[in-house]
Amino acid sequence: MKKYGFIGCGNMGGAIASAVAKTIPGECLFLSNRTKKKAEDLALTIGAMVSDNIEIAKNCDVIFLGVKPQMMEEVLAGISGYLKKRNTADFVLVTMAAALGIEDIRRMSGVDARVLRIMPNTPVSVGEGIVLYAYDEKLSEADAAEIVGSLKAAGECIALSEKLIDAGSVVAGCGPAFAQMFIEALADGGVAVGLPRKESVKLAAQMLLGSAKLTLVSGKTPGELKDAVCSPGGSTIEGVKALEDKGFRGAAMDAVLASYEKTLRMKTKK
Ligand SMILES: NC(=O)c1ccc[n+]([C@@H]2O[C@H](COP(=O)([O-])OP(=O)(O)OC[C@H]3O[C@@H](n4cnc5c(N)ncnc54)[C@H](OP(=O)(O)O)[C@@H]3O)[C@@H](O)[C@H]2O)c1
């Protein structure tokens, strides 16, 4: 059985480790974190083992890198010597760092390693996430599929060519913040017309969940589904006009463009 190591068990590393623990037995999962208590607490919750960066670099077949992009160089420099002693066919580095590509991870690790780049979003913590992934010719389709298979409890795993990962990350990865703002705003509107806050948030969130599901399963476009709610002369079309008057769709598109441009600026700064 392959050994899965996690270096960095914060918000995202922890969420991914928790998802992998639903598929891979705990005795094959090794957690390391700068603040050890975080790894210890998570290990207890998901039934994994506590380890450290060096032991993971020496022994694990699949090494998830869950540290912030700005920490990656230092973390990989710390384990590079141990990775260099291994055959590159014996381990895969899995990076989830925003704005760092497959070649960046190879350069920082000092090893011509096999790398799987994943880009998860926050709903992976409830099993309804998106994990975008990309890899190059050094990693076989079968090995990539095995690692992606270990992530199935996180949500939908979707392959993208590496050049589209940044664009995909903005919609899927930044999108949850935009969606929460929409839920919050709808709930505020509900409160303004008399709903208690708790009920209003619940209605807005469940409505968005159901609407998203309808988009995914109905085979209809978002426009067709919107039209189906708008009766002629009815109340919904008045709300739609209010959103159009305030430039709602343009604002949502601008949010995606702004996040994408910032991602590109972060990459050129590296
Ligand atoms: N959050 C998201 O929505 C999201 C989405 C997609 C991708 N990502 C990516 O996921 C990665 C982690 O982000 P995050 O939001 O989970 O950050 P985070 O909560 O700050 O987690 C980073 C973790 O790395 C640990 N760490 C730092 N240096 C370390 C070292 N030398 N050895 C071992 N562990 C170390 C930190 O430990 P301490 O407890 O000591 O601070 C912390 O627990 C980033 O690369 C980010 O780009 C995040």
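The values are calculated or read from the model by the stated rules, or taken from the named source; none is laboratory data. Keep in mind the model is a prediction, meaning the values are calculated, not measured. All Cβ positions, even for glycine, are placed from backbone atoms using ideal geometry, and neighbour counts span all protein chains on display. Calculation scope for accessible area: heavy atoms of the full protein, side chains included, ligands and nucleic acids excluded. Shrake-Rupley method; radii C 1.70, N 1.55, O 1.52, S 1.80 Å.
Data for the structure
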| read-out | value |
| --- | --- |
| Matching option when the condition is free of Cβ contacts under 8 Å to residues at least 60 places away in the same chain and within 20 Å of M72 (Cβ to Cβ), among N33, N11 | N33 |
| Selected residue (criterion: farthest from A21 (Cα to Cα)) from residues of the stretch 122-143 that are of a type outside the set (D, E) and part of a helix (DSSP H, G or I) | A142 |
| Qualifying residue in the stretch 14-35 (condition: near the ligand (Cβ under 7 Å from one of its atoms), open to solvent by 10 Å² or more (accessible area, probe 1.4 Å), in a helix (DSSP H, G or I) and modelled with pLDDT of 95 or more) | no |
| Tally of residues being free of Cβ contacts under 8 Å to residues at least 60 places away in the same chain and crowded, with 19+ Cβ neighbours inside 10 Å across the stretch 103-117 | 10 |
| Subset of the stretch 207-231 that is over 21 Å from A187 (Cα atoms) and open to solvent by less than 80 Å² (accessible area, probe 1.4 Å) - its residue that is nearest to the chain's Cα centre (by Cα) | T215 |
| Residue in the stretch 57-102 that is farthest from the ligand (Cβ to nearest atom), counting only those that are free of Cβ contacts under 8 Å to residues at least 40 places away in the same chain and under 16 Å from Y133 (Cβ atoms) | L93 |
| Flag if E162 is within 20 Å of S18 (Cβ to Cβ) and more than 13 Å from the ligand (Cβ to nearest atom) | no |
